[in-house]
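What follows is calculated from the coordinates using simple rules that are stated; it is not laboratory data. Bear in mind that the values here come from a model prediction, so they are computed numbers and not experimental data. FYI the Cβ positions are ideal-geometry reconstructions off the backbone, even for glycines, and counts take in every protein chain you see.
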Amino acid sequence: MPRRPSELAEFVAARRADLVRYAEVVSGDQAGGDDLVQEAWLRCDRAAAVGAIAQPVHLLWRVLRNLSIDSGRRIARQRRTTSVNEGGWSMTDLPDARPSAEAALLAREELARIQAVLDGLDPQTR
């Protein structure tokens, strides 16, 4: 089991294909697995520089899992808001320009207050 950063780097080099495949499956990104493995290793390497890690391989797998899940969520969010059409990329399912329910309610209440004031005026002033 690796204890020093160089041993962790050797573990990553020896198991890189497994780590990349895992990251691709968890994230759903067939092209980004290698980047996720690199980021996980860098984070573990930084942590090892600060202090001793009791189970560095476990930490590496956990960091890779978390990064992969985050990447999968980011990809899913991106797929919901963008699509490819004949002209290239376009944005879909974006929030509309309508005011929120709270803003609409506040506007109606203000309008009712204004109407009440206007109704209280004499007809000639109104």
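Per-structure values
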quantity: Distance (nanometres) between label positions extended 7 Å along Cα→Cβ at Ala97 and Arg15; calculated: 5.4
quantity: For Ile53, distant residues with modelled amide H under 5 Å away; calculated: none
quantity: Cα gyration tensor category, rounded, prolate or oblate, for segment 5-58 with a/c compared to 1.5; calculated: prolate
quantity: Under 5 Å, built H, 5+ apart or other chain: amide partners of Thr82; calculated: Thr92
quantity: Around Ala31: net Lys/Arg minus Asp/Glu count, Cβ-Cβ under 15 Å; calculated: -2
